[in-house]
Amino acid sequence: MFEPAPRFALIDGNTFYVSCERMWDPSLRGVPTVVLGNGDGCCIALSPEAKALGLKIGTPIFQVPEDIRKQVQVRSANFALYGDMSARIVTILREMFPRVEVYSIDENFVDVEGIADPFALCLEARERILQWVGIPCCVGLGVTRTLAKAGNKLAKNQSKRAINAGRLAVFHATPDNIHKLPVEDVWGVGRQFGVCAGEQCHPIIRIESDFPETIVLKFPDEGRSQLCITAQYPATPRHHNKDPAVRHAAFVNCVCRWG
């Protein structure tokens, strides 16, 4: 089956705050690590090892049971450090890709349209960031931003966020393999629709045109309807950038219909 060439890639630092702390303190590698927010109140970042102990994002540190608290390393957030590390990553990406959209402190969309081998270039970017900055990343590729976001999630799933994951840290998401992703993890759907849809619902992204794109939640029971969510992109790009390749990707308005 024909596989559309990707236009976007999402490069996301794995457990970014924890990865930054581990870069400057290698003794934290492989150790359950928690980063606390302002005032050292709640957990705002957790290493995979900390999550395995049952810790959740947003949990007040005083509510963590004492036996678990003794097993984790706790760090106060250092946003100046995180911002500096983020800027280093963006500098690398701007040297490698024609256009970069800084979406958040740990997420960057890059334009890969027209690149001969976008998968290889994204893998090279991932390895360069790891070597030069010390932050492990995962990369999602797709013909739309939603697919790139889905690909990033699937890359994290298949690589287990391993530092030396290699090619497993890059995933090209297409309308034909998006069913591997849980409904609630699809950008613009979220937990509420995921609960409503149920575990047997599978997401499909139907690409009708560049803008907008439609997410279809397909139920296994033929007697049930399908939920369609049409992404309405903003009329003006984020940061007043006139380049359509760097439009704000969030679902500003979602038109939902059952049918």
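Values for this structure:
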{"item": "Qualifying residue in the stretch 34-53 (condition: of a type in the set (Ser, Thr, Tyr), assigned to a loop (DSSP other than H, G, I, E, B) and modelled with pLDDT of 95 or more)", "result": "yes"}
{"item": "Test: residue in the stretch 123-143 that is among the β-branched types (Val, Ile, Thr), open to solvent by 30 Å² or more (accessible area, probe 1.4 Å) and over 14 Å from the mean Cα position of the chain (by Cα)", "result": "no"}
{"item": "Cross-chain or 6+ apart pairs with Cβ under 7 Å, the stretch 22-47 first and under 16 Å from GLY134 (Cα atoms) and touching a residue at least 40 places away in the same chain (Cβ under 8 Å), then of a type outside the set (D, E, K, R) and open to solvent by 70 Å² or more (accessible area, probe 1.4 Å)", "result": "LEU28/GLN73"}
{"item": "Qualifying residue in the stretch 59-68 (condition: over 22 Å from LYS160 (Cβ atoms), open to solvent by 30 Å² or more (accessible area, probe 1.4 Å) and acidic (Asp, Glu))", "result": "yes"}
{"item": "Test: residue in the stretch 124-133 that is in contact with a strand residue (DSSP E or B) (Cβ under 6 Å, 6 or more places away or on another chain) and either free of Cβ contacts under 8 Å to residues at least 12 places away in the same chain or not aliphatic (A, V, I, L, M) (or both)", "result": "yes"}
{"item": "All positions within the stretch 13-33 that are outside any loop (DSSP other than H, G, I, E, B) and surrounded by fewer than 20 Cβ atoms within 10 Å (Cβ to Cβ)", "result": "MET23, TRP24, PRO26, SER27, LEU28"}
{"item": "1 or more residues modelled with pLDDT under 95 and of a type in the set (Gly, Ala, Ser): qualifying helices (runs of 4 or more DSSP H) within the stretch 65-171", "result": "145-159"}
{"item": "Identity of the residue in the stretch 87-111, without any contact (Cβ under 8 Å) to a residue 60 or more places away in the chain and closer than 25 Å to ASN38 by Cβ, that ends up surrounded by the most Cβ atoms within 10 Å (Cβ to Cβ)", "result": "VAL102"}
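The values are calculated or read from the model by the stated rules, or taken from the named source; none is laboratory data. Note that the coordinates shown come from a computational prediction; the quantities given were computed from them, not determined experimentally. Here Cβ is always computed from backbone atoms with ideal geometry, including for glycine, and neighbour counts include all displayed protein chains. Calculation scope for accessible area: heavy atoms of the full protein, side chains included, ligands and nucleic acids excluded. Shrake-Rupley method; radii C 1.70, N 1.55, O 1.52, S 1.80 Å.
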